[in-house]
1. Identify, from the list ALA276, ALA297, ALA309, the residue that is in a helix (DSSP H, G or I) and over 16 Å from ILE46 (Cα atoms).
2. Mind listing whichever residues of the stretch 12-38 are in a loop (DSSP other than H, G, I, E, B) and either at pLDDT 85 or above or surrounded by 20 or more Cβ atoms within 10 Å (Cβ to Cβ) (or both)?
3. Among LEU134, LEU64, which is among the aliphatic types (A, V, I, L, M), at pLDDT 90 or above, buried (at least 21 other Cβ atoms within 10 Å of the Cβ) and assigned to a helix (DSSP H, G or I)?
4. Within the stretch 46-61, identify whether any single residue is touching a Gly at 6+ places or on another chain (Cβ under 7 Å), of a type outside the set (Ser, Thr, Tyr) and farther than 10 Å from GLY177 by Cα, and answer yes or no.
5. State the number of residues belonging to the stretch 45-56 that are surrounded by fewer than 23 Cβ atoms within 10 Å (Cβ to Cβ) and touching a helix residue (DSSP H, G or I) at 6+ places or on another chain (Cβ under 7 Å).
6. Consider the stretch 142-173. How many of its residues are touching a Lys or Arg at 6+ places or on another chain (Cβ under 8 Å) and of a type in the set (Phe, Trp, Tyr)?
7. Here are the criteria: (1) assigned to a loop (DSSP other than H, G, I, E, B); (2) over 24 Å from SER186 (Cα atoms). Tell me which single one GLY56 does not satisfy.
8. Enumerate the pairs (first residue in the stretch 96-114 and within 21 Å of TYR67 (Cα to Cα) and touching a residue at least 24 places away in the same chain (Cβ under 8 Å); second residue anywhere and crowded, with 17+ Cβ neighbours inside 10 Å and acidic (Asp, Glu)) with beta-carbon separation below 8 Å, excluding pairs fewer than 6 apart on the same chain, so at least 6 apart or on different chains.
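The values are calculated or read from the model by the stated rules, or taken from the named source; none is laboratory data. This is a predicted model, so every value here is computed, not measured. We place every Cβ from the backbone using ideal geometry, glycine too, and count neighbours over all the protein chains shown.
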Amino acid sequence: MSDAVSDLRATVESFFASTFSTDNPLITEAVRRMLAAGGKRLRPRITLLAVDACGGNALDHLHLAAYMELIHVATLIHDDVVDNASTRRGVNATAVDYGNRVSVLAGDYLFAWIFKNVTLNYPHPVPHVLSATLADICDGEVLQLRALGDLDLTPDRYVEIARKKTASLFAASAECGAIMGGGGPSEIAGLRAYGEAFGIAFQMKDDLLDIVADERSLGKPVGNDLTERKVTIPLIEALASGNGTFRTEVRRFYDESANEGIAAIAGGIERQGGLAATRSHIAHFAERAKAAVEPLAAGAAKEELSRLADTLLEE
């Protein structure tokens with residue numbers, strides 16, 4: 001990898017600070033505010049690493065990488081409206097400062113603005129990959145809503161929701177980077193597989209951190225998934241332990257829609273082995289991600305992709 005893109009996070013941040021603007025000043029302000037709140041910029045970094053891994057020049061594709069992050073930002077704006085969230089990355093959610101109506105329209109506008117630029121500037125199949133990804137994200141969100149409070153949710157159904165809601169954009173980021181980097185069919189397929197496995201592990205880690213992290217590092221209230229009655233992988237695995245008393249406690253907590261018992265439920269998840277099982281799942285998908293890029297030619301980009309997968313094992 002060239003020295004110019006050795007620190008991809010800084011490269012992406014600089015690009016957003018100097019280049020990002022839409023035709024609507026209010027939406028530009030709202031999006032810039034979300035960007036300024038931080039984030040690891042994993043999706044654009046994976047896009048640029050995929051370009052580099054396939055022999056392309058990452059700096060030629062900063063716009064494409066930025067679109068991946070902006071799709072993510074648009075989904076967060078919508079998510080905060082759907083979830084009635086008050087904070088995001090430690091600052092007010094967009095809906096708190098701008099209201100639900102402006103937030104929904106801002107997310108819609110951002111999607112449209114991105115796709116206007118993608119269809120204008122990128123060849124087939126990049127626009128198709130991204131439009132299919134957006135459909136998957138929306139489908140995953142609906143599946144998650146329908147699964148609220150479903151204590152019979154299976155690990156396979158959970159993974160399908162995570163694959164669509166979260167992993168699909170990681171997969172598209174890697175795939176589109178590989179396409180624009182000039183990758184062959186096997187390289188493109190391998191990088192897409194990397195992104196999908198990485199994204200599933202990433203969602204599982206997010207679910208884990210919702211229970212074990214502190215609010216400052218998480219950037220949103222701890223136990224938020226329990227508050228919203230989401231059934232995530234730590235809870236699924238804890239319920240699978242067969243402890244009927246714990247299942248009854250969770251059912252009562254969900255049915256009563258009270259927040260006072262979050263600490264008790266979180267403690268029960270740990271006692272029933274839900275956290276340990278989740279860590280094992282994360283390790284499994286992180287290894288799948290690393291295996292997917294193993295056939296790539298040796299180089300700094302390949303090493304960095306593997307390193308990113310390893311970071312998912314950290315807490």
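1. Answer to the selection: ALA276.
2. Answer for the stretch 12-38, where residues must be in a loop (DSSP other than H, G, I, E, B) and either at pLDDT 85 or above or surrounded by 20 or more Cβ atoms within 10 Å (Cβ to Cβ) (or both): SER21, THR22, ASP23, ASN24.
3. LEU64
4. yes
5. Residues that pass the stated criteria total 2.
6. Within the stretch 142-173, residues that are touching a Lys or Arg at 6+ places or on another chain (Cβ under 8 Å) and of a type in the set (Phe, Trp, Tyr) number 1.
7. (2)
8. SER103/ASP80
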